[in-house]
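What follows draws every value from the coordinates through simple rules; no lab data is involved. Everything numeric in this text was worked out from a predicted model, so none of it was measured. Cβ placement follows ideal geometry from the backbone for every residue including glycine, while neighbour counts extend to all protein chains displayed.
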Amino acid sequence: MIPLLLLCILIVVLLARAILFQPLQTTIEQTPEEVLDGEQIIEHFRQLLRHKTVSHIDKNQTDLAAFQAFQKSLVSLYPEVNKNCTCQYLGETGILYHWKGTSQEDPIVLMSHYDVVPAEESAWDVPPFEAAVIDGIVWGRGTLDTKCTLLSVMESAEHLIKEGFVPSQDIYFSFSGDEEISGESASAIVNHLKNKGIKPQMVLDEGGVVIKDGIFPGVNKQTAVIGLGEKGYIDLQVQFESKGGHASAPPRHGITGAMGKLMADLENKTMKPVFMEPVLEMFNRLGRHSTFGYKIIFANMWLFKPLLTILFKKQGGQMNALIRTTTAVTVLEGSKAYNVLPPKGTIGINARILNTDTMDSTINHISSLVKVPHTIQVLNGREASPISPLQSNAFRALEDTILDIWPQAVVSPYLMIAGTDSRHFHAICDNVLRFAPMEITQEELNLIHSNNERIPVDSVLKSVTYYIKLIRRLGSVSSPYSK
């Protein structure tokens, strides 16, 4: 009788918490519409997209002339910015604009990058560097990642300077041309600012976007997510050695078996899950807009966290990547012939490190799964970034500007599972945020680094509007977002 009573009480508690788990009330005063020359903006965008600024790890393959031509286009397309701002070229491809305000206190940094990943032209429906506009859609490599944000920053500054606007604090535009290959241009810009004693109030780089059709279980509403931090990254090479020999007389346990066991264990014996603050707050904010079944879960995380852990591990993908360090086998090498036992076997592993783990703890976990002699070599890596505070004027400014343009959107923090140049800026700034104001569908989001990358014209213009409104918010004399 008592267990049944306790079960009934539990059900009542779960349902009551779900019923009370209502959307947070967030309203802001809408600012006037910005009057933009849309045709000119899109023409400028097309000119920037036509520059084949493809970065390569093998720098001999990189066409530096394309990068120099892009830099010259920024000078010719934005005369007011170049007349009123200083411009420095730092590192191999870094560009740093300095827009002086009435005060040097609490400067802000707006970031982007102008290099792009390669595009296999034969696989595209439209040539990737033609920058064609078809039925209100701009096609081209870099439309989403991330020449749109760079264009928007420059267009917003040109627009505001023409109006006579002078920000109340210094604003820096930081653009790199080697982000896609984890180059050092952004680091050179940070070192330059650090040597000058500049500590920004806020740094804004690419990251989350505005998804039209929802990205969260049970939520079909427009969703805008702002990254508070990003996971670490490491490439590992695990090597096994044996005597080799003829395949007609294999040993009872060979290195290929050990390699196979490691690959299976990496999938089954995952690293410890941790629900970090950005993820818990994402569940809290977005869960309030989900269907009732999901509300029961997200309103009662104290009970359902273990269940979610199991489900996320089973499903894999982005939700699982938000709560644990993930490992993926991406390279596999063995014998070169079918009838020869491999004298050496290699497994290449890419791990994305949660902010509560480290490169060392990840290596130790992988090594603990191998029960035969082996070596592990680190090819490339970086630790996870710090987590920027949610309760900050910087986050509030981004959120309010989002709601000014997309009043129906649900705004939430999240943890980035990919990497950006912004990680370097944690050395000089506590509020490093990751959000690109592009309104796109989940299908369009998946085109990043893929074939047929494209963006709606309307989304480009809203992105420009976003930066104009954000700079006004942060840069007005009476700004409520200053420290």
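How much net charge surrounds Ala258 when only other residues with a Cβ under 11 Å from its Cβ are counted (Lys, Arg +1; Asp, Glu -1)? Every neighbour counted, the sum reads 0.
Per residue, the chain reaches -11500 deg cm²/dmol at 222 nm when only DSSP H runs of four or more residues are counted, each adding -39500 (n - 2.57).
Among Val166, Ser463, Leu262, whose Cα sits farthest toward the positive end of the charge dipole of the chain (+1 at Cβ of Lys/Arg, -1 at Cβ of Asp/Glu, about the Cα centre)? Ranked along the dipole, the leading option is Leu262. Each peptide in 349-362, 251-264 gets a packing score, the mean of other Cβ atoms within 10 Å over its residues, and the list from highest to lowest is 349-362, 251-264. Checking the Cα-Cα distances for Lys313/Lys336; Lys231/Lys305; Lys147/Lys305; Lys162/Lys462; Lys314/Lys462 against a 30 Å cut-off, the pairs over it are Lys313/Lys336; Lys147/Lys305; Lys314/Lys462.
Counting other beta carbons within 10 Å of each residue's own, what order do Cys85, Cys8, Cys148, Cys429 fall into, fewest first?
So the ranking, lowest neighbour count to highest, is Cys8, Cys85, Cys429, Cys148.
Of all DSSP beta bridges confined to the chain, the antiparallel ones make up roughly 65%.
Counted by Cβ distance under 10 Å from Ala299, the other residues give a net charge of +3, where Lys and Arg count +1 and Asp and Glu count -1.
Assuming R0 = 60 Å, what is the FRET efficiency of Phe292 and His253, from their Cβ-Cβ distance, to the nearest 0.05?
On the way: r = 53 Å, r/R0 = 0.88.
E(calc), rounded to 0.05, equals 0.70.
If you sort the three axes of the alpha carbon gyration tensor as a ≥ b ≥ c, you get a/c of 1.5 or more for region 232-382 and a/b above b/c, which makes it prolate.
Contact order for region 232-382, expressed relative to its length and based on alpha carbon pairs under 8 Å spaced 6+ residues apart, stands at 49 percent. By the beta-carbon count within 10 Å of each Cβ, the least crowded to most crowded order of Val225, Val432, Val372, fewest first, is Val372, Val225, Val432. Annotation: peptides 149-159, 211-221, 433-443, 67-77, ranked by per-residue average of other Cβ atoms within 10 Å with the highest first, follow the order 149-159, 433-443, 211-221, 67-77.
Would you tally the net charge around Ile323, using a Cβ to Cβ cut-off of less than 14 Å, leaving Ile323 out, and scoring K and R as +1, D and E as -1? Taking every other residue near Ile323 into account, the sum is +4.
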